[in-house]
Structure formats: C-alpha cells, structure tokens
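Here's the structure, in structure tokens; my notes come after.
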C-alpha cells in the first residue's frame, strides 16, 4: 500500500487499524465454530528516511514485515526501528519488550469481538 504525502506516524496508525480489523473478523464462521483466526504482520518503510528508490523502500518494508513475524507476528514493524537491530543484544531486548497486548492469546491472535 502506498500512502503519498502521509506522515510516518499516520501511516503507522492506518497499518494498526488494518491489522486490528483483519484480526477481529475470523474466517469460515459458518463452517467452523468460532471461525478461523486470521492475523497479519505488516512492515512499513518511509520515503526518504528508509530509502530513495521504490526498490529500496520495498526491500526495507519487506525486511520490517519479516521482523514483525520474527518478533511474534500480528504486529506492525517500522523499518526505522530496525536500524542497528541484529542477532545480538538489540534483538534480545526487542523481543523481550514485545509483550502480547491483553487482547491477544498465547499464540498472538487477537480475540475476536463477540
């Protein structure tokens, strides 16, 4: 998704609304009791901070999406948060600080509104 002339924080809020909307509507509710939970992991990249070309921005957004998955799924991750993050102490600190919100179960799935 491309959101031209939109500030990074507003893009984050749009992505969060999308993530929450997806998580709040389970699939196959007529075929499976309580439906099938669905979540998304979203990576964000912002021009010009995270890249100058479409290719660079797509790569950064893709990397951020994979970090969102590594850090527990069902979340939005900004490419700008990844600068300096590696497999060492910074990664451990990031994982430790990404506790599940109260509205999620132990698998990271948001509880559907009843």
- [ ] Test each condition in (1) surrounded by 13 or more Cβ atoms within 10 Å (Cβ to Cβ); (2) not in a loop (DSSP other than H, G, I, E, B) for residue 21 and report the one that comes out false.
- [x] (1)
Task: Number of the exception - residue 73 against (1) surrounded by 14 or more Cβ atoms within 10 Å (Cβ to Cβ); (2) at positive phi; (3) in contact with a strand residue (DSSP E or B) (Cβ under 7 Å, 6 or more places away or on another chain) - done: (3)
- [ ] Can you confirm whether region 41-62 contains a residue that is farther than 18 Å from residue 11 by Cβ and either in contact with a strand residue (DSSP E or B) (Cβ under 8 Å, 6 or more places away or on another chain) or modelled with pLDDT under 55 (or both)?
- [x] no
Task: Residue list for region 33-48, filter: surrounded by 14 or more Cβ atoms within 10 Å (Cβ to Cβ) and either under 20 Å from residue 6 (Cα atoms) or within 17 Å of the chain's Cα centre (by Cα) (or both) - done: 37, 38, 39, 40, 41, 42, 43, 44, 45, 46, 47
TODO: Consider residue 30 carefully, then state whether it is surrounded by fewer than 19 Cβ atoms within 10 Å (Cβ to Cβ), assigned to a loop (DSSP other than H, G, I, E, B) and touching a residue at least 12 places away in the same chain (Cβ under 8 Å).
DONE: no
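The values are calculated or read from the model by the stated rules, or taken from the named source; none is laboratory data. Remember, it's a predicted structure, so these values are computed and weren't measured experimentally. Don't worry about glycine lacking a Cβ; one is built from the backbone with ideal geometry, like all the others, and counts go over all protein chains shown.
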